[in-house]
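The values are calculated or read from the model by the stated rules, or taken from the named source; none is laboratory data. Small disclaimer: the values here were computed from a predicted structure and weren't measured. In this analysis, Cβ positions are derived from the backbone assuming ideal geometry, glycine residues included, and neighbour counts consider all displayed protein chains.
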Amino acid sequence: MTALFGPVYERVLRWSRHPHAERYLALMSFAESSFFPVPVDVMLAPMCLADRRRAWRFAANATVFSVIGGLTGYAIGYLVFEAIEPWLETSRYWGAYQVSREWFDSYGIFAIFVAGFSPIPYKVFTLAAGVAALNLPGFFFASLIGRGARFFLVAALIVAGGDKLEVSLSKHIERIGWIVVALAVVVIVYFMVRY
């Protein structure tokens with residue numbers, strides 16, 4: 001069987017060692033919170049693995065720029081939602097958007113804490129928070145804590161795993177990759193069936 005995830009993993013590790021990797025991480029963190037579909041962990045984890053001494057700095061970088069991106073997503077939802085609503089209704093994010101609105105109705109600002117760990121993309125929550133006109137300072141602090149908790153947890157797991165984790169990942173990356181794909185399919189099917 002041809003390896004699919006191993007070569008991608010090796011490439012991402014090489015990218016994570018690039019001299020401008022921190023800038024790319026900042027850009028990706030900003031974009032992922034407002035419009036980009038790829039989770040930050042895809043770059044953060046290999047960067048922490050490549051240079052564990054700077055893992056906390058990488059997590060802080062991801063947190064700061066994710067929150068700035070979240071504020072941008074909030075502004076989009078608050079200021080121009082009517083312009084993007086037709087697109088959103090036909091996109092695969094519509095069901096997730098409706099779930100996030102339900103969470104805001106039920107839990108208010110606390111939904112932002114959960115959003116950092118939810119399978120629903122964070123950008124959907126930032127947009128919905130703007131549409132709901134959630135309290136902006138509350139949104140900011142909840143984003144800072146929720147996103148920070150996620151990114152620092154990733155960094156902590158990698159630092160704690162050390163060399164053993166690196167060897168284990170290299171050895172089992174194909175299985176891990178297919179498990180992640182299977183989980184993503186389950187989540188997508190769940191939202192398609194529910195909505």
In the stretch 98-114, residues that are buried (at least 22 other Cβ atoms within 10 Å of the Cβ) and within 18 Å of Ile76 (Cα to Cα) total 2
Suppose the filter is surrounded by 16 or more Cβ atoms within 10 Å (Cβ to Cβ), out of contact with any Phe, Trp or Tyr (no Cβ under 7 Å at 6 or more places or on another chain) and either at pLDDT below 85 or among the hydrophobic types (A, V, I, L, M, F, W, C) (or both); does Ser34 pass it? yes
If you go through Ala60, Ala50, the only one that is surrounded by fewer than 22 Cβ atoms within 10 Å (Cβ to Cβ), under 22 Å from Ser118 (Cα atoms) and small (Gly, Ala, Ser) is Ala60
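Scan Ala156, Ala128, Ala160, Ala142 and give me the residue that is more than 18 Å from the chain's Cα centre (by Cα), at pLDDT 85 or above and among the small types (Gly, Ala, Ser). So that I can check it myself, show each step before the final result.
Details: Ala156 fails: more than 18 Å from the chain's Cα centre (by Cα); Ala128 fails: more than 18 Å from the chain's Cα centre (by Cα); Ala142 fails: more than 18 Å from the chain's Cα centre (by Cα).
It is Ala160.
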Do we have Thr126 as more than 27 Å from Leu25 (Cβ to Cβ) and not aliphatic (A, V, I, L, M) here?
no
